[in-house]
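Inspection log for the structure reproduced underneath, given as structure tokens.
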Amino acid sequence: MANMLATFSQFERRLISQRGKEALAVKKAAGIRLGRPPTMPQAVVKRIQRQRARGDSLRKIAEDLNQDGVPTAQDGRESYTATVRHVVRRTA
């Protein structure tokens, strides 16, 4: 009996997962943007793009942002290379 309950529980978990994936695919196909909206000021995004086009490394861009005291998107104290990379990839 316990084995049967475990089997049906596993089946139900798979169905729930499948329904969730299908719902997200429908929203994506409809053009609905999922996730948290971008909060980085457009001026900072443009600055990152300019520096990258100039050939600056991601680390150099992050260091310049920190040195100039540019506020981060999530009110953090420091800009990181990963954040700069994300902006470059998202806007490319």
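The values are calculated or read from the model by the stated rules, or taken from the named source; none is laboratory data. In this text the structure is predicted, and so the values were computed from the model without any measurement. Positions of Cβ are backbone-derived with ideal geometry, glycine not excepted, and every protein chain shown enters the neighbour counts.
Tabulated results
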item: Count - residues of the range 30-53 that are of a type in the set (D, E, K, R) and either in contact with a Cys (Cβ under 6 Å, 6 or more places away or on another chain) or under 16 Å from residue 88 (Cβ atoms) (or both); result: 4
item: Tally, over the range 28-50, of residues that are of a type in the set (D, E, K, R) and surrounded by 11 or more Cβ atoms within 10 Å (Cβ to Cβ); result: 4
item: Looking only at the range 71-91, and only at residues there that are assigned to a helix (DSSP H, G or I) and of a type in the set (Lys, Arg), the one that is modelled with the highest pLDDT; result: 85
item: Some residue of the range 54-62 being surrounded by 10 or more Cβ atoms within 10 Å (Cβ to Cβ), basic (Lys, Arg), closer than 23 Å to residue 92 by Cβ and free of Cβ contacts under 8 Å to residues at least 60 places away in the same chain; result: yes
